[in-house]
Amino acid sequence: MNPDDDVPNHFELLATDGAARTGRLTTPHGVVRTPAFMPVGTAGAMKGMHWREVRDAGADIVLGNTYHLMLRPSAERIAALGGLQRFTGWNGPMLTDSGGFQVMSLSDLRKVSENAVTFRSHIDGAKVELSPERSIEVQRLLGSDIAMQMDECVRLPAEHADIERAMQLSLRWAERSKRAFESAPAGYMLFGIVQGGDVPQLRHASARGLVAVGFHGYAIGGLAVGEPQAVMLAMIDETAPLLPRERPRYLMGVGTPDDILEAVKRGIDMFDCVMPTRNGRHGVAFTRFGQVNLRNARHADDPRPLDEESSWPSTRNCARAYLHHLVKAGETLGAMLLSEINVAYYQSLMRGVRDAIAHGKFDEFYQRTREDWARGDI
Ligand code: PRF
């Protein structure tokens, strides 16, 4: 018997091409086509976008954050209001991150102990404790379709001893998270998170330990935290083959379109990143021909759209000169249009990837996409 035989599987692999895979993940709020990119709606909102645009752009699933939502407006309040989907109006699948990673990057005076992390809220300075059990409780109150275990992620570069300690702690927290999740209703999922920094042996130990506990899916954490892309890809190569083939694999907090294409090639099924919306708010567009900084004066008199062949109306229709003007003038609409354009680009990339894998043409798609990026915006 496999260790995860007691964990129902909601993932179906439809096709593979080399190590790349395409499949379907069925959640209580709908089906997610993989490889999937999850736009980040941290505090119950996609910054600068309506949910209908997120949906129209092709996103099946979005990500929310335990850390932000537990502090404001609180998990109990959202539960009383019918859960995250009812509260926000996003009527599709949601994955929530567990909070540990956000505590590390956002809060003051954090302290990690065996039992929990304690920290001061970035909103009002209140002292808060977050344990693996409380993180699961919050994620269940939110009604998240996919909950993440609490883990500890160390920034790189780091000392071997620190990476090992955080990885072992994350493994113990994985077991506690699984126990806390046992009473969840059927169909809801819990993912374990592989840690281990840039040390192959620690990655192996983490992956094997998590698989022995058994989860609905497996995330690879602790990457894109300061290491070069080559190291990140090498760690994916060390980890992905140790994860059960029939379970979804999620690379957390990644990344650029290039990172995503490389990770799909190595067998990753799910991604999330703030980049399309954050860069959009900063005046940067992601397009078929790479990133375009709309602040640049070269766009001031340019009537052309970003990509006249795009299927997304704003990408195909809005003049660069207008986008440049909006960004320079600090107009809210500039941030909104570029967020929408970027989320739509990421989703079109994922559609292309899925379609190519399904037809056994991933290598062709990979080459063509890289050639277009290399051509640059002219
Ligand atoms: N752990 C958790 N969330 C995350 C990460 C992690 O390691 C990362 C690292 N790229 C992003 N988000 N829980």
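Using DSSP to call loops (not H, G, I, E or B), can you name the GluC sites (Glu not before Pro) in region 132-206 whose Cβ has at most 14 other Cβ atoms within 10 angstrom?
Filter output for region 132-206: Glu159, Glu182.
So what is the accessible area of region 54-184 per residue, in Å², with the probe set to 1.4 Å?
Ligands and nucleic acids excluded, the result is 42 Å² per residue.
Run lengths n ≥ 4 of DSSP H only: what is the helix-derived mean residue ellipticity at 222 nm for the chain, with -39500 (n - 2.57) per run over all residues, to the nearest 500?
Calculated from helices alone, the mean residue ellipticity at 222 nm is -12500 deg cm²/dmol.
Need one number: % antiparallel among DSSP beta bridges in the chain, to the nearest 5.
50
Please identify, among Pro200, Pro39, Pro73, the residue showing maximal mean-square fluctuation in a Gaussian network model of the chain using a 10 angstrom Cα cutoff.
Pro73
Each residue of region 8-15 in order: what ³J(HN,Hα) in whole Hz does its phi give by Karplus 6.51 cos²θ - 1.76 cosθ + 1.60, θ = phi - 60°, with x for Gly and Pro?
Values per residue, Gly and Pro as x: x, 9, 10, 10, 10, 7, 9, 7 Hz.
Work the Kirkwood hydrodynamic radius out for region 1-146: mean of 1/r over every pair of different alpha-carbon atoms, inverted, in Å.
Averaging 1/r across every pair of different Cα atoms and inverting gives 16.7 Å.
For region 40-90, which whole-number percentage of the solvent-accessible area (1.4 Å probe, protein heavy atoms only) is attributable to carbon and sulfur atoms?
That share works out to 48 percent.
Given the chain reduced to its alpha-carbon atoms as identical point scatterers, what log10 I(q)/I(0) does the Debye formula return at q = 0.12, 0.15 Å⁻¹?
-0.91, -1.39
State which helices in the chain qualify, where a helix is a whole DSSP H run, it must extend 27 Å or more along its own axis by its Cα atoms, and its mean Kyte-Doolittle hydropathy must be at least -1.0.
Span-like helices here: 160-181, 332-358.
Under 5 Å between amide H atoms, partner at least 5 residues away or on a different chain: which partners does Ala15 have, H built in plane at 1.01 Å?
Thr22
Which trypsin sites (Lys or Arg not before Pro) in region 119-200 pass both tests, a DSSP loop state and at most 16 other beta-carbon atoms within 10 Å?
Arg155
Given points 7 Å out from each Cα along the Cα-Cβ axis, report the Glu12 to Arg52 separation in nanometres with one decimal.
3.1
Tell me, in nm to one decimal, what length is gained between Ile123 and Gln367 on full extension, where the rule is 0.36 nm per residue of separation less the Cα-Cα distance?
On the way: separation 244, 0.36 × 244 = 87.84 nm, distance 4.57 nm.
Length gained, Ile123 through Gln367: 83.3 nm.
Highest GNM mean-square fluctuation, the chain, Cα pairs closer than 10 Å: which of Asp198, Asp301, Asp355?
With Cα springs under 10 Å in the chain, the top fluctuation among Asp198, Asp301, Asp355 is at Asp301.
Quick one: if you stick a label point 7 Å off each Cα along the C-beta vector at Val112 and Asp5, how many nm between them?
Each label point lies 7 Å from its Cα, and together they span 3.5 nm.
Two decimals is fine: what is log10 I(q)/I(0) at q = 0.14, 0.19, 0.22 Å⁻¹ for region 85-207, from a Debye sum with one equal scatterer on every Cα and no solvent?
Listed by q, the Debye log ratios stand at -0.64, -1.07, -1.27.
What net charge is computed for the residues neighbouring Glu12, neighbours being all others with C-beta under 10 Å from the C-beta of Glu12, Lys and Arg scored +1, Asp and Glu -1?
Charge balance near Glu12 sits at 0.
Two decimals, Cα atoms only, Kirkwood Rh: what is Rg/Rh over region 151-302?
Using only Cα positions, Rg/Rh for region 151-302 is 1.06.
Could you tell me what fraction of 2.2 N^0.38 Å the Cα radius of gyration of region 106-157 comes to, as a two-decimal ratio?
Ratio of Cα Rg to 2.2 N^0.38 Å: 1.24.
Ratio of region 247-378's C-alpha Rg to 2.2 N^0.38 Å, to two decimals?
Normalised by 2.2 N^0.38 Å, the Cα Rg of region 247-378 equals 1.08.
The values are calculated or read from the model by the stated rules, or taken from the named source; none is laboratory data. Everything quoted here is computed from the prediction, not taken from an experiment. Cβ coordinates were reconstructed from backbone atoms using ideal geometry, including for glycine residues, and neighbour counts include every protein chain displayed. Note: accessible area is taken over every heavy atom of the protein model, side chains too, but ligands, DNA and RNA are not part of it. Shrake-Rupley method; radii C 1.70, N 1.55, O 1.52, S 1.80 Å.
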